[in-house]
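**Q** Handing you a structure now.
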Amino acid sequence: MKTHQERMARKKAVVDEKIAKATEERGVVILLKGNGKGKSSSAFGTMARSVGHGKRCAVIQFIKGRTETGEYKLFKDHPQIDWHVMGHGFTWETQDKEKDIEAAQKAWQIAEKLLQDASYDLLVFDEMSYMFKYHYLDVAPVIEALKNRPKDQSVMITGRAMPEALEEAADTISSIRDERHAFRLGVKAQAGIEF
Ligand code: ATP
Ligand code: MG
(Lines give C-alpha, C1' and ligand atoms only; values in the text may rest on other atoms or scores of the structure.)
(Ligands and ions follow the chains in the order given, each with its own letter.)
Protein backbone atom coordinates (compact mmCIF):
# COMPACT_ATOMS: atom_id res chain seq x y z
CA MET A 1 0.00 0.00 0.00
CA LYS A 2 1.13 3.50 -0.78
CA THR A 3 2.06 5.69 2.12
CA HIS A 4 0.30 8.98 2.73
CA GLN A 5 3.48 10.76 1.71
CA GLU A 6 3.62 8.93 -1.63
CA ARG A 7 -0.01 9.73 -2.38
CA MET A 8 0.53 13.40 -1.56
CA ALA A 9 3.63 13.55 -3.74
CA ARG A 10 1.64 12.09 -6.64
CA LYS A 11 -1.17 14.56 -6.08
CA LYS A 12 1.27 17.46 -6.00
CA ALA A 13 2.81 16.32 -9.29
CA VAL A 14 -0.64 16.26 -10.94
CA VAL A 15 -1.54 19.72 -9.60
CA ASP A 16 1.87 21.15 -10.56
CA GLU A 17 1.42 19.87 -14.09
CA LYS A 18 -1.96 21.59 -14.36
CA ILE A 19 -0.52 24.82 -12.96
CA ALA A 20 2.30 24.70 -15.49
CA LYS A 21 -0.25 24.40 -18.30
CA ALA A 22 -2.38 27.37 -17.19
CA THR A 23 -0.19 30.19 -18.39
CA GLU A 24 -2.61 32.52 -20.12
CA GLU A 25 -3.17 35.88 -18.48
CA ARG A 26 -6.52 37.51 -19.21
CA GLY A 27 -9.83 38.48 -17.68
CA VAL A 28 -12.63 35.92 -17.47
CA VAL A 29 -16.39 35.79 -17.84
CA ILE A 30 -17.98 34.08 -14.85
CA LEU A 31 -21.60 32.98 -14.69
CA LEU A 32 -23.20 32.24 -11.33
CA LYS A 33 -26.48 30.46 -11.88
CA GLY A 34 -28.89 27.97 -10.32
CA ASN A 35 -31.75 28.05 -7.86
CA GLY A 36 -29.71 27.85 -4.67
CA LYS A 37 -28.71 30.76 -2.47
CA GLY A 38 -25.29 32.30 -2.99
CA LYS A 39 -25.02 33.79 -6.49
CA SER A 40 -25.08 37.52 -5.82
CA SER A 41 -23.21 37.17 -2.55
CA SER A 42 -20.48 35.21 -4.34
CA ALA A 43 -20.18 37.93 -6.98
CA PHE A 44 -19.91 40.66 -4.36
CA GLY A 45 -17.48 38.56 -2.34
CA THR A 46 -15.27 38.29 -5.40
CA MET A 47 -15.59 42.02 -5.90
CA ALA A 48 -14.43 42.60 -2.31
CA ARG A 49 -11.44 40.43 -3.12
CA SER A 50 -10.66 42.54 -6.20
CA VAL A 51 -11.04 45.79 -4.31
CA GLY A 52 -8.63 44.49 -1.70
CA HIS A 53 -6.07 44.16 -4.46
CA GLY A 54 -6.61 47.78 -5.48
CA LYS A 55 -8.70 46.97 -8.55
CA ARG A 56 -11.45 49.14 -9.97
CA CYS A 57 -14.94 47.65 -10.15
CA ALA A 58 -18.45 48.48 -11.27
CA VAL A 59 -21.81 46.95 -10.47
CA ILE A 60 -25.04 47.11 -12.39
CA GLN A 61 -28.02 45.84 -10.46
CA PHE A 62 -30.48 44.87 -13.17
CA ILE A 63 -33.19 44.13 -10.65
CA LYS A 64 -33.68 46.34 -7.68
CA GLY A 65 -35.32 44.78 -4.66
CA ARG A 66 -37.50 46.68 -2.25
CA THR A 67 -34.80 47.04 0.35
CA GLU A 68 -31.26 48.34 0.06
CA THR A 69 -28.81 45.49 0.38
CA GLY A 70 -25.94 45.41 2.85
CA GLU A 71 -23.41 45.24 0.02
CA TYR A 72 -24.91 48.34 -1.57
CA LYS A 73 -24.64 50.21 1.72
CA LEU A 74 -21.07 49.02 2.19
CA PHE A 75 -19.80 49.56 -1.34
CA LYS A 76 -21.78 52.43 -2.92
CA ASP A 77 -19.41 55.18 -1.73
CA HIS A 78 -16.23 53.17 -2.11
CA PRO A 79 -13.71 55.09 -4.27
CA GLN A 80 -12.84 52.00 -6.35
CA ILE A 81 -16.47 51.07 -7.05
CA ASP A 82 -19.17 52.54 -9.28
CA TRP A 83 -22.61 51.23 -8.39
CA HIS A 84 -25.52 51.56 -10.79
CA VAL A 85 -29.07 50.56 -9.97
CA MET A 86 -31.43 50.03 -12.86
CA GLY A 87 -33.46 53.26 -13.03
CA HIS A 88 -37.08 52.26 -12.83
CA GLY A 89 -36.49 49.45 -10.36
CA PHE A 90 -37.96 46.35 -11.92
CA THR A 91 -39.62 44.21 -9.28
CA TRP A 92 -41.73 41.10 -9.42
CA GLU A 93 -44.78 43.28 -9.04
CA THR A 94 -44.20 45.71 -11.91
CA GLN A 95 -46.98 45.88 -14.38
CA ASP A 96 -45.38 48.37 -16.71
CA LYS A 97 -43.52 46.36 -19.31
CA GLU A 98 -42.64 49.38 -21.46
CA LYS A 99 -40.95 51.09 -18.53
CA ASP A 100 -39.09 47.89 -17.65
CA ILE A 101 -37.77 47.58 -21.19
CA GLU A 102 -36.69 51.22 -21.19
CA ALA A 103 -34.88 50.74 -17.86
CA ALA A 104 -33.23 47.54 -19.09
CA GLN A 105 -31.97 49.31 -22.17
CA LYS A 106 -30.61 52.21 -20.15
CA ALA A 107 -28.79 49.76 -17.89
CA TRP A 108 -27.39 48.01 -20.95
CA GLN A 109 -26.10 51.32 -22.33
CA ILE A 110 -24.11 51.76 -19.12
CA ALA A 111 -22.91 48.16 -19.30
CA GLU A 112 -21.76 48.62 -22.88
CA LYS A 113 -19.64 51.63 -21.93
CA LEU A 114 -18.10 49.76 -19.00
CA LEU A 115 -17.25 46.88 -21.33
CA GLN A 116 -15.19 49.27 -23.47
CA ASP A 117 -13.36 50.87 -20.58
CA ALA A 118 -10.10 49.17 -19.67
CA SER A 119 -9.83 51.15 -16.43
CA TYR A 120 -12.41 48.75 -14.93
CA ASP A 121 -10.95 45.43 -13.82
CA LEU A 122 -14.15 43.71 -12.71
CA LEU A 123 -17.79 44.22 -13.64
CA VAL A 124 -20.73 42.64 -11.83
CA PHE A 125 -24.00 42.40 -13.75
CA ASP A 126 -26.28 41.26 -10.99
CA GLU A 127 -29.52 39.48 -11.98
CA MET A 128 -28.88 40.19 -15.64
CA SER A 129 -30.27 36.80 -16.68
CA TYR A 130 -33.82 38.03 -16.14
CA MET A 131 -33.36 40.62 -18.89
CA PHE A 132 -33.00 37.75 -21.36
CA LYS A 133 -35.71 35.64 -19.81
CA TYR A 134 -38.29 38.39 -20.23
CA HIS A 135 -36.85 39.48 -23.59
CA TYR A 136 -36.00 42.94 -22.31
CA LEU A 137 -32.53 42.59 -23.85
CA ASP A 138 -31.13 40.61 -26.75
CA VAL A 139 -28.33 38.27 -25.85
CA ALA A 140 -26.37 38.66 -29.14
CA PRO A 141 -25.10 42.24 -28.56
CA VAL A 142 -24.17 41.29 -25.00
CA ILE A 143 -22.03 38.41 -26.23
CA GLU A 144 -20.47 40.64 -28.87
CA ALA A 145 -19.56 43.27 -26.24
CA LEU A 146 -18.18 40.59 -23.92
CA LYS A 147 -15.97 39.26 -26.72
CA ASN A 148 -14.63 42.73 -27.56
CA ARG A 149 -14.03 43.86 -23.98
CA PRO A 150 -10.54 44.83 -22.72
CA LYS A 151 -8.31 41.79 -22.39
CA ASP A 152 -7.75 41.95 -18.65
CA GLN A 153 -11.29 42.83 -17.68
CA SER A 154 -13.39 40.23 -15.87
CA VAL A 155 -17.19 40.09 -15.81
CA MET A 156 -19.48 38.25 -13.41
CA ILE A 157 -23.12 37.70 -14.31
CA THR A 158 -25.66 36.32 -11.85
CA GLY A 159 -29.18 34.97 -12.23
CA ARG A 160 -31.07 31.72 -11.96
CA ALA A 161 -31.08 30.58 -15.61
CA MET A 162 -28.57 31.66 -18.25
CA PRO A 163 -29.18 31.65 -22.01
CA GLU A 164 -27.21 28.91 -23.73
CA ALA A 165 -25.39 31.38 -25.99
CA LEU A 166 -24.12 33.26 -22.95
CA GLU A 167 -22.88 30.03 -21.41
CA GLU A 168 -20.90 29.33 -24.55
CA ALA A 169 -19.17 32.69 -24.18
CA ALA A 170 -18.28 32.11 -20.51
CA ASP A 171 -14.99 30.88 -19.03
CA THR A 172 -16.31 29.80 -15.65
CA ILE A 173 -19.82 28.64 -14.83
CA SER A 174 -20.91 27.74 -11.33
CA SER A 175 -24.32 26.33 -10.75
CA ILE A 176 -25.61 26.65 -7.20
CA ARG A 177 -28.03 23.90 -6.38
CA ASP A 178 -30.89 24.47 -4.00
CA GLU A 179 -30.69 21.64 -1.50
CA ARG A 180 -32.50 23.43 1.28
CA HIS A 181 -33.47 26.98 2.13
CA ALA A 182 -34.43 28.35 5.55
CA PHE A 183 -37.30 30.18 3.87
CA ARG A 184 -39.07 26.87 3.36
CA LEU A 185 -38.56 26.06 7.04
CA GLY A 186 -40.55 29.19 7.77
CA VAL A 187 -37.60 31.49 8.58
CA LYS A 188 -38.16 35.10 7.59
CA ALA A 189 -35.68 36.86 5.28
CA GLN A 190 -33.20 38.80 7.39
CA ALA A 191 -30.85 41.73 6.92
CA GLY A 192 -27.25 40.60 6.63
CA ILE A 193 -28.21 37.13 5.39
CA GLU A 194 -30.68 37.55 2.53
CA PHE A 195 -30.05 41.19 1.67
P1 ATP B 1 -27.70 35.78 -2.35
O2 ATP B 1 -27.94 37.24 -2.70
O3 ATP B 1 -28.07 35.49 -0.94
O4 ATP B 1 -26.36 35.31 -2.77
P5 ATP B 1 -28.82 34.64 -4.74
O6 ATP B 1 -28.29 35.80 -5.50
O7 ATP B 1 -28.22 33.32 -5.00
O8 ATP B 1 -28.79 34.95 -3.18
P9 ATP B 1 -31.45 35.29 -5.77
O10 ATP B 1 -32.17 34.39 -6.69
O11 ATP B 1 -30.85 36.53 -6.33
O12 ATP B 1 -30.38 34.44 -4.97
O13 ATP B 1 -32.42 35.65 -4.61
C14 ATP B 1 -32.05 36.57 -3.65
C15 ATP B 1 -32.85 36.37 -2.37
O16 ATP B 1 -33.64 35.20 -2.40
C17 ATP B 1 -31.98 36.20 -1.13
O18 ATP B 1 -32.70 36.79 -0.11
C19 ATP B 1 -31.90 34.71 -0.93
O20 ATP B 1 -31.68 34.30 0.39
C21 ATP B 1 -33.23 34.27 -1.41
N22 ATP B 1 -33.13 32.94 -2.01
C23 ATP B 1 -32.14 32.47 -2.80
N24 ATP B 1 -32.35 31.19 -3.13
C25 ATP B 1 -33.50 30.85 -2.55
C26 ATP B 1 -34.28 29.65 -2.50
N27 ATP B 1 -33.88 28.55 -3.14
N28 ATP B 1 -35.44 29.66 -1.78
C29 ATP B 1 -35.84 30.75 -1.15
N30 ATP B 1 -35.16 31.92 -1.14
C31 ATP B 1 -34.02 31.97 -1.83
MG1 MG C 1 -29.04 37.31 -6.60
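The values are calculated or read from the model by the stated rules, or taken from the named source; none is laboratory data. Predicted model only: the values in this text are computed from it and were never measured. No Cβ is skipped: glycine too gets one built from the backbone with ideal geometry, and neighbour counts run over all protein chains shown. The accessibility values were calculated without ligands, DNA or RNA, using every heavy atom of the protein model including side chains. Shrake-Rupley method; radii C 1.70, N 1.55, O 1.52, S 1.80 Å.
**Q** So what's the back-of-envelope 222 nm ellipticity for the chain, counting only DSSP H runs of four-plus at -39500 (n - 2.57) apiece and dividing by all residues, rounded to 500?
**A** Rounded to the nearest 500, it is -11500 deg cm²/dmol.
**Q** Can you tell me the order of 184-190, 125-131 when each peptide is scored by its average per-residue count of other Cβ atoms within 10 angstrom, highest first? Working shown, then result.
**A** Details: 184-190: 8.4, 125-131: 24.3.
Highest to lowest by the protection proxy: 125-131, 184-190.
**Q** Measuring from centroid to centroid over Cα atoms, what is the spacing of the range 102-123 and the range 35-52 in Å?
**A** 19 Å
**Q** Given a 1.4 angstrom probe, what's the average accessible area per residue across the chain, in square angstrom?
**A** 64 Å²
**Q** Do any of Lys99/Lys133; Lys106/Lys133; Lys106/Lys147; Lys11/Lys147; Lys64/Lys99; Lys76/Lys147 go past 25 Å between their Cα atoms, and which?
**A** Lys11/Lys147; Lys76/Lys147
**Q** Between rounded, prolate and oblate, where does the range 55-143 land on the alpha carbon gyration tensor, with a ≥ b ≥ c its root eigenvalues, rounded for a/c under 1.5, else prolate if a/b exceeds b/c?
**A** oblate
**Q** Keeping the other protein chains in place, figure out the carbon and sulfur percent of the accessible area of the range 26-185, with a 1.4 Å probe.
**A** Details: 4180 of 8870 Å².
Taking all protein chains in place, the range 26-185 shows 47 percent carbon and sulfur surface.
**Q** Using the eigenvalues of the Cα gyration tensor, what equivalent ellipsoid semi-axes result for the chain when each is taken as the square root of five times the eigenvalue, whole Å, largest first? Mind showing how you got there, number by number?
**A** On the way: eigenvalues 204, 100, 60 Å².
For the chain, the semi-axes come out at 32, 22, 17 Å.
**Q** Amide H of Ile173 versus every other amide H placed in the peptide plane: which residues, excluding those fewer than 5 positions away on the same chain, fall under 5 Å?
**A** Amide H neighbours of Ile173: Leu31.
**Q** Further question on the same structure: Might you report the magnitude of the Cβ-based charge dipole of the chain about its Cα centre, with Lys and Arg at +1 and Asp and Glu at -1, to the nearest 20 debye?
**A** Value, rounded to 20: 920 debye.
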